[in-house]
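So the structure is just underneath, and the comments pick up after that.
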Amino acid sequence: MKRKCLAVVIILLFTGTGIIPAIAQDIEKPSQPTSIGGWLYVGGSGPGNYTRIQDAIDNASNGDTVFIYNDLSPYYENVHINKSIQLIGENKSTTCIDAQYNGTVIEIHADNVTVTNLCLQHSGRDMNAGIALYGSGCDISNNIITEDFHGISVYFANNNSIHNNDLQNNNGNYNIYFYYTNHSTIENNVISNPFQYTVGITTYHCDNNTIRNNSITMTYNGILISATTDSILEANRVTDCRFIAVVLDDAPDTIVRNNVFEQPTDSSRGCDITFSNSPRCVVENNTLYSGVVLRDSYPMTILNNLVQDKPLVYLEGKTDMSIDYPCGQIILFYCRNIIVKNQDIKLTVCAVYLKSSDGCTLINNSLTSNGQGIFCSTSHRTTISDNTINSNYDYALTIDASNNNTIINNIISYTMGWGLIVSGDNTTIANNEISNNGFIGFALRGHNISVINNTVSDNSRGLDIRFLTNSIIKRNKLQRNSVFGISVTESINNTFEQNIFTGNVDGITIGYQCTRQLVRNNEFRDNQNGLLLDNANDNIITKNNFINNEKDAFFQDSYRNVWLRNYWGQPRLFHIIWGSKTIYIFEHATRQAPRFHIDWLPALRPFDIPT
């Protein structure tokens with residue numbers, strides 16, 4: 001019995017001496033690759049370990065693994081990989097490779113490379129990055145890419161996977177950048193960057209890539225897809241970006257689904273998705289905040305999206321419908337006889353957008369604090385009435401290349417940019433209040449337009465007219481506009497009649513290449529300058545009241561204009577209108593010579609002008 005016990009003790013002693021070295025080998029961070037097979041070690045306490053990452057890579061073979069311990073971190077190197085290996089760090093938070101702001105941290109010129117569990121920092125500028133990848137079939141995962149110029153750049157490659165990386169505070173243009181890279185996946189990455197012009201994920205000249213389940217915060221644009229086809233953007237979250245969450249530029253046949261795009265930092269300028277020259281895309285089941293912009297991107301499939309928890313309504317080729325339920329954004333394309341009414345839409349990039357639609361009606365809507373309120377492009381016979389369009393950022397109401405429209409009884413005010421823009425023919429604009437807009441209250445271009453009984457007041461600039469022909473501007477009030485009540489350039493054969501100009505810097509300026517303008521029965525009162533002619537010929541100014549203006553009228557380089565029977569503040573036998581002519585002495589030297597016109601039959605009392 002004693003002999004049996006002794007034998008057991010001896011066996012246990014031998015077993016213990018085998019276990020203890022095995023445990024000690026792990027604790028001492030072993031160095032010999034031959035002891036495990038295909039592994040090389042950098043750092044650690046074991047004999048034979050490398051102190052430089054590049055030395056280990058240079059001595060590795062295809063299929064080997066280079067394991068980097070964190071005890072010598074940071075490793076001040078620029079690492080070049082030209083063989084199919086795995087580069088693995090001990091801990092991504094503590095195992096760092098630092099390029100010291102010179103060159104790219106890791107540059108890969110081989111296929112089937114894995115880089116994982118590392119912190120890569122402080123690349124140089126220009127085209128340098130945390131990782132520059134020129135190989136296919138590679139896996140870049142679970143890394144921290146921080147304070148580099150670009151984050152991860154992939155060039156001329158296929159079938160790569162970029163996943164589970166944390167990219168933060170990189171200060172170049174791109175965090176993840178694909179260039180001529182196809183059939184690859186960008187997945188489960190976290191990208192955060194407060195620098196103003198950084199883009200979260202960019203693909204350029206690429207095909208068939210999937211961008212899935214990434215979190216992008218505080219970049220300028222979230223995702224930029226350009227000159228790229230057949231991409232899938234799925235289950236991404238983009239929040240607090242400064243401008244646009246997703247930009248698709250020349251990116252046809254893209255699928256955008258199940259994403260969340262929350263409020264941009266500047267909600268008045270921000271946008272969730274912008275499509276430009278990107279037809280046949282599918283946009284479905286996304287949660288949006290500021291909505292969608294479409295530029296030359298038709299046809300589209302847009303289904304089941306929410307803007308601020310209300311449906312994004314996209315109609316294409318529909319007729320005879322009424323939209324009177326709460327909506328987050330409304331887009332009509334090639335539609336006829338659609339009624340949009342009783343909407344309250346706020347904080348979108350564009351509340352209501354009509355493209356190539358006919359006979360639609362927009363009535364009794366409140367559109368507030370949007371980038372744009374209403375935008376109608378090549379949409380004819382549209383009626384826009386009784387809407388309140390206030391406090392929008394760029395444009396309140398835009399009618400572009402659209403004819404036979406009616407714009408009546410709207411309130412258009414407090415836009416930071418432009419209030420009302422109309423470009424088209426045969427349009428009636430009546431009984432609108434256009435006030436307190438920051439740049440221009442009302443801009444007008446077209447032919448045969450009637451502008452009647454509107455109030456244009458307290459804008460930076462009142463009514464700006466250019467390229468207008470055969471139109472009538474009648475019975476409008478132009479009041480207290482900072483620069484001008486009306487400015488007219490490059491226009492022919494228009495009538496300005498029974499308008500009231502009060503409290504403007506310039507009441508009306510008729511300028512460059514304006515001919516055959518009839519200015520009749522208007523009242524110019526309490527303006528700094530009542531009426532100015534500047535390079536304007538063959539116009540008629542007749543039967544107007546000029547009362548209490550600092551300067552009633554003035555002209556410069558203007559000829560063959562007729563001044564007849566105007567009232568000049570008091571009875572006169574005749575009235576002299578002073579002006580000037582530019583005389584060219586030599587090429588770049590001019591002087592102004594005084595000239596004058598005469599109203600030979602001024603009115604003896606004010607005309608009765610309807611108000």
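The values are calculated or read from the model by the stated rules, or taken from the named source; none is laboratory data. Everything numeric in this text was worked out from a predicted model, so none of it was measured. Every residue, glycine among them, receives a Cβ derived from its backbone with ideal geometry; neighbour counts consider all protein chains shown.
Do we have residue 461 as charged (D, E, K, R) and crowded, with 24+ Cβ neighbours inside 10 Å here? The answer is yes for residue 461. Only residues that are assigned to a strand (DSSP E or B), crowded, with 24+ Cβ neighbours inside 10 Å and either modelled with pLDDT under 95 or not hydroxyl-bearing (Ser, Thr, Tyr) (or both) were counted across region 181-220, and they come to 7.
Applying the set (1) part of a loop (DSSP other than H, G, I, E, B); (2) in contact with a Cys (Cβ under 9 Å, 6 or more places away or on another chain); (3) of a type in the set (A, V, I, L, M) to residue 533 leaves exactly one unmet item: (1). Contact map, region 155-174: residues that are within 17 Å of residue 224 (Cα to Cα) and assigned by TED's automatic domain parsing to the domain that holds residue 116 paired with residues that are part of a strand (DSSP E or B) and among the acidic types (Asp, Glu), Cβ distance under 9 Å, separation 6+ or inter-chain. Pairs shown: 162/139; 162/187.
Does residue 317 count as under 21 Å from residue 362 (Cβ atoms) and within 19 Å of the chain's Cα centre (by Cα)? In short, no.
For region 87-113, a residue qualifies if it is of a type in the set (D, E, K, R), outside any strand (DSSP E or B) and under 39 Å from the mean Cα position of the chain (by Cα), and the qualifying residues are 92, 111. Given the criteria within 20 Å of residue 517 (Cα to Cα), modelled with pLDDT of 95 or more and in a loop (DSSP other than H, G, I, E, B), does residue 606 qualify? Against the criterion (within 20 Å of residue 517 (Cα to Cα), modelled with pLDDT of 95 or more and in a loop (DSSP other than H, G, I, E, B)), residue 606 does not qualify.
Within region 277-301, no residue that is closer than 23 Å to residue 346 by Cβ and assigned by TED's automatic domain parsing to the domain that holds residue 331 sits with its Cβ atom under 6 Å from a residue that is surrounded by fewer than 23 Cβ atoms within 10 Å (Cβ to Cβ) and not acidic (Asp, Glu) at 6+ positions apart or across chains.
One residue stands out among those in region 64-86 that are part of a loop (DSSP other than H, G, I, E, B) and out of contact with any Gly (no Cβ under 6 Å at 6 or more places or on another chain): the one that is surrounded by the fewest Cβ atoms within 10 Å (Cβ to Cβ), which is 82. Taking residue 557 as the residue in question, decide whether it is within 44 Å of the chain's Cα centre (by Cα) and at positive phi. So residue 557 passes the test.
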